[in-house]
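Written below as structure tokens is the structure these notes are about.
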Amino acid sequence: MATEERVLCFERKLLEGLGLFQGLSLEVDRYLPLITSPKHLLYRNRSEAEQDRRYKQLIPYVLILCNGKILRYRRGRGGQETRLHGLFSVGVGGHFSEDDHGLFSAGIGYQDAMRREIQEEVAVGEAKHAAVAVINDDSTDVGYVHFGVVHVMSVTRENIVGGRSGILGPEFVSLAEAVREPTSYESWSRFCLEKLDLLLAKATAAGVAGLEPATKP
């Protein structure tokens, strides 16, 4: 019999101690070191973690850009989070699973674990990336038990998406098109698109090359 997936979490009171916020925060350096410290992390059965509001599940959320376009897709029924099915997303990533690699319990650390998680979704190779923001959305049931770390990644080719059933109709679209209909996106993507220029500017300052602002001067 297959065992239940165990996902990486941290206690909500850690976030409350650092400063609770709603939506997207650019203060990634304030939150990331502590919420990714092994001493604050634990694996829990996913079915329990989805219902236990004392914990936040840690999720990398990666915006992938190529030649002035951003990767967009719809959430498919192959994804386990049924509350997001059918919505557009510009964030690639998912739960850190204990079964996948041992990840943090093996002393790998957040950055390497994030890259492994992303490579399960898209063939990004050694693309440059930067953590630029964090997301907390307590306005929905799904958001209340998750916490996102937003990364911006620049790739050189568009044919990087595999056949994962949770990713439907992946395509690179212009930044102008991506921001056109915000209500068709899941909440985390809306937060990112609303501040896309700031996220891209932070990534550029961190050394991610080849990025263009969403709005041209």
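The values are calculated or read from the model by the stated rules, or taken from the named source; none is laboratory data. On a predicted model such as this, the values are computed, not experimentally measured, just so you know. Cβ placement follows ideal geometry from the backbone for every residue including glycine, while neighbour counts extend to all protein chains displayed. For the accessible areas, the whole protein counts, side chains as well, though only heavy atoms, and no ligand, DNA or RNA atoms are used. Shrake-Rupley method; radii C 1.70, N 1.55, O 1.52, S 1.80 Å.
Given (1) closer than 30 Å to Arg180 by Cβ; (2) buried (at least 16 other Cβ atoms within 10 Å of the Cβ); (3) over 15 Å from the mean Cα position of the chain (by Cα); (4) at pLDDT below 90, identify the lone condition not met by Lys69.
Every listed condition holds for Lys69 apart from (4).
If I ask for residues that are of a type in the set (S, T, N, Q) and open to solvent by 90 Å² or more (accessible area, probe 1.4 Å), which ones from segment 43-55 would you list?
Gln51 - this is the single residue of segment 43-55 that is of a type in the set (S, T, N, Q) and open to solvent by 90 Å² or more (accessible area, probe 1.4 Å).
Please find, within segment 120-143, the residue that is nearest to Tyr61 (Cα to Cα) out of those that are touching a strand residue (DSSP E or B) at 6+ places or on another chain (Cβ under 8 Å) and of a type in the set (D, E, K, R).
The selected residue is Glu121.
Being surrounded by fewer than 14 Cβ atoms within 10 Å (Cβ to Cβ) and either in contact with a Gly (Cβ under 6 Å, 6 or more places away or on another chain) or assigned to a loop (DSSP other than H, G, I, E, B) (or both) is the filter here, so list the residues in segment 8-42 that pass it.
Leu20, Gln22, Glu27
Hey, among the residues in segment 1-54 that are among the charged types (D, E, K, R), at pLDDT below 95 and touching a strand residue (DSSP E or B) at 6+ places or on another chain (Cβ under 7 Å), which one's farthest from Val132 (Cα to Cα)?
Glu4
Please name all residue pairs, on different chains or six or more residues apart, with Cβ atoms under 9 Å, provided the first residue is in segment 175-190 and is within 21 Å of Ser25 (Cα to Cα) and free of Cβ contacts under 8 Å to residues at least 24 places away in the same chain and the second residue is among the β-branched types (Val, Ile, Thr) and not in a strand (DSSP E or B).
Final answer for the pair search is Arg190/Thr183.
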